[in-house]
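Structure first, then comments.
Readers should treat all values here as calculations from the given coordinates under stated rules, not as data from a laboratory. Please read all numbers here as calculations on a predicted model, not as lab measurements. FYI the Cβ positions are ideal-geometry reconstructions off the backbone, even for glycines, and counts take in every protein chain you see.
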Amino acid sequence: MIGGGGNAMIGPIHLRAALMDNDIELVCGCFSRNYQTSLSTGEAWHVAPERIYRDYREMMEREAALPLGERMDFVAIVTPNRVHYEQAAMALDMGFDVVLDKPMTFSLDEALRLEEKVRQTGRTLALTHTYSAYPAIKEMKSRIAEGQLGRLRLVYVEYTQGWLSERIELLGGNNAGWRTDPSQAGKGGCVGDIGTHAWHLAEYVTGLEVEELCAELSTVVEGRSNDDNIAALLHFTGGVHGVLHATQVAAGEENRIVLRVYGERGGIEWAQQEPNTLIVRWADRPAEIVRTGNGYMSPLAKWNTRTPGGHPEGYIEAFANIYRNFVHTLRAKAAGETPRPEYLDFPTARDGVRGLQFIETMVASGYADEPKWVKWRTR
């Protein structure tokens, strides 16, 4: 692992998720730019002292020099966006597969270069768009793909937080500092941090792609350098219309993610704070409550479910689904086999490129002098 030490939020979550299925062992890392923090983190995580490195370059070089079976097999990168490209690119060049936090890179140019490097090296890259890995989301995707709702018409997706409703980035001791700093986070604040999750969820579940959008990016909290509240009208392939809203300044909200999709025959709804439940509404009959963990679930949902019905599976389990599918893919490729479709069901570099296209398109539209529709940006 690169990053994740000290008071980091996402590193320990990656670790718990990676260890959940007993398929993965943490063997080495550079957990912080501060070597003492890296050492204390590694000790707490039971990493051998000689494999706690001063920087990621030393880690890559020394691990690559170890025999197969002893060296690390892949690296999890959980650092700020601005260093994603250089760290992931070095790992791929040295023969290591990669799990990477989103957004994939700092800029669209870097994303396109990293996608090309994945192709050239033949390595595997997984991107942690976590919410797409919930069992209920897999069920939602399967039902839509089967055509149960008929031809799709409308998509509504919302991600509402309140943790940045005050300028806590000025207090220190939290991860708000780099997330609200354009020099570290990139062109988008809220749009890159959680807007990309909302966009990815909408595309993943529907199987459609956004073709153009009309956005508003705003900074609600005075003095902040980048956006903390965003909204957009979306045009998807096939003539489907959508609305996206994401904010980090809705005081009192935690992580309220809601996705609703409507077709000719009915609609389906999922809310992350009630993650095991889908509500299916029909035009010609009463609504249904669908619960994960039951025998009527789709094969894709069952593959990503660990517990019987009534036992909640949430954020850590969704992260773990990405890691498990990623590892099954690596093992199949190492054995010269074609990975099964359910193994390949995790976000990849292609999702990462589209994520940076989403950010840049939102910025181009949202910071225009007046509202305007912008075609999906490719460069």
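Couplings 3J(HN,Hα) of the stretch 207-222, computed from phi: x, 9, 10, 6, 9, 7, 8, 10, 10, 10, 10, 9, 10, 7, 7, 4 Hz, in residue order, whole Hz [Karplus 6.51 cos²θ - 1.76 cosθ + 1.60, θ = phi - 60°; x for Gly and Pro].
Which residue, His241, His46, His84, tops the fluctuation ranking in a GNM of the chain built on C-alpha contacts under 10 Å? It is His46.
The slack between Ala334 and Arg265, meaning 0.36 nm per residue of separation minus the straight C-alpha distance, is 20.4 nm. Comparing Pro182, Pro135, Pro308 in a Gaussian network model of the chain (Cα springs below 10 Å), the most mobile by mean-square fluctuation is Pro308. Dividing the helix sum by the residues of the chain, where each DSSP H run of 4 or more adds -39500 (n - 2.57), gives a mean residue ellipticity at 222 nm of -10000 deg cm²/dmol. Each residue of the stretch 310-327 is assigned a 3J(HN,Hα), and the resulting list reads x, 10, x, 10, x, 4, 5, 5, 5, 4, 5, 4, 4, 4, 5, 5, 4, 5 Hz, derived from the Karplus form 6.51 cos²θ - 1.76 cosθ + 1.60 (θ = phi - 60°), x at Gly and Pro. Partners of Lys372 within straight-line reach, counting lysines whose Cα lies under 30 Å from its Cα and excluding those fewer than 8 residues away in the same chain: Lys102, Lys187. Counting pairwise Cα distances across the chain, what percent come out greater than 25 angstrom? Tail fraction, whole percent: 56. List the trypsin sites (Lys or Arg not before Pro) in the stretch 147-211 that DSSP assigns to loop (not H, G, I, E or B) and whose Cβ has at most 16 other Cβ atoms within 10 Å. Which are they? Those that pass, being in a loop and sparsely packed, are Arg151, Arg167. Each residue of the stretch 5-22 is assigned a 3J(HN,Hα), and the resulting list reads x, x, 9, 4, 8, 7, x, x, 5, 4, 4, 4, 5, 4, 7, 4, 9, 6 Hz, derived from the Karplus form 6.51 cos²θ - 1.76 cosθ + 1.60 (θ = phi - 60°), x at Gly and Pro.
Partners of Lys302 within straight-line reach, counting lysines whose Cα lies under 23 Å from its Cα and excluding those fewer than 8 residues away in the same chain: Lys138, Lys141. Look at the dipole of the chain built from charges on Cβ: of Thr361, Pro286, Gly95, the Cα furthest out on the positive end belongs to Pro286.
Model label points for Ala145 and Val243, set 7 angstrom from Cα along the Cα-to-Cβ axis, are 2.9 nm apart. Average projection, convex hull of the Cα set of the stretch 10-128: 7.1 square nanometres. For the chain, the relative contact order works out to 19 percent when only alpha carbon pairs closer than 8 Å and six or more residues apart are counted. The charge dipole of the stretch 10-128, taken about the Cα centre with unit charges on the Cβ atoms of Lys, Arg (+1) and Asp, Glu (-1), comes to about 240 debye, rounded to the nearest 20. Extending 7 Å from the Cα toward the beta-carbon at both Ser183 and Glu342 defines two label points whose distance is 4.9 nm.
The radius of gyration of the Cα set in the stretch 220-379, together with its Dmax, comes out at 19.5, 56 angstrom. Between Arg71 and Ala283, what FRET efficiency follows from the Cβ-Cβ distance if R0 is 51 Å, with the result rounded to 0.05? For R0 = 51 Å, the calculated efficiency reads 0.35.
Computed about the Cα centre, the dipole magnitude for the chain is approximately 660 debye when only Lys and Arg (+1) and Asp and Glu (-1) carry charge, each at its Cβ. Here the stretch 92-211 is treated with +1 on each Lys and Arg Cβ and -1 on each Asp and Glu Cβ, and its dipole about the Cα centre works out to around 300 debye. Take Tyr367, project a point 7 Å from its Cα along the Cβ direction, then tell me which residues of the stretch 217-243 have their backbone nitrogen under 20 Å from it. Under 20 Å, as judged by backbone N against the label point of Tyr367, lie 217-233 of the stretch 217-243.
With the simple spin-label model, which puts each label point 7 Å out from Cα in the Cβ direction, the Met9 to Glu222 separation comes to 2.6 nm. Between Pro308, His200, Ser132, whose Cα lies farthest towards the positive end of the dipole of the chain when Lys and Arg beta carbons carry +1 and Asp and Glu beta carbons carry -1, centred on the Cα centre? Of the options given, the answer is Pro308.
Close amide H pairs (under 5 Å, H built 1.01 Å from N) link Ile257 with Thr160, Gln272, Gln273, residues at least 5 positions away or on another chain.
Within the stretch 171-214, name every residue whose backbone N is under 17 Å away from a label modeled 7 Å from Cα of Glu253 along the Cβ vector. Once the point is set 7 Å along Cα→Cβ of Glu253, 189-202 turn out to lie under 17 Å by backbone N, inside the stretch 171-214. Taking packing as the residue-averaged number of other Cβ atoms within 10 angstrom, the listed peptides 87-96, 53-62, 136-145 run from highest to lowest as 136-145, 87-96, 53-62.
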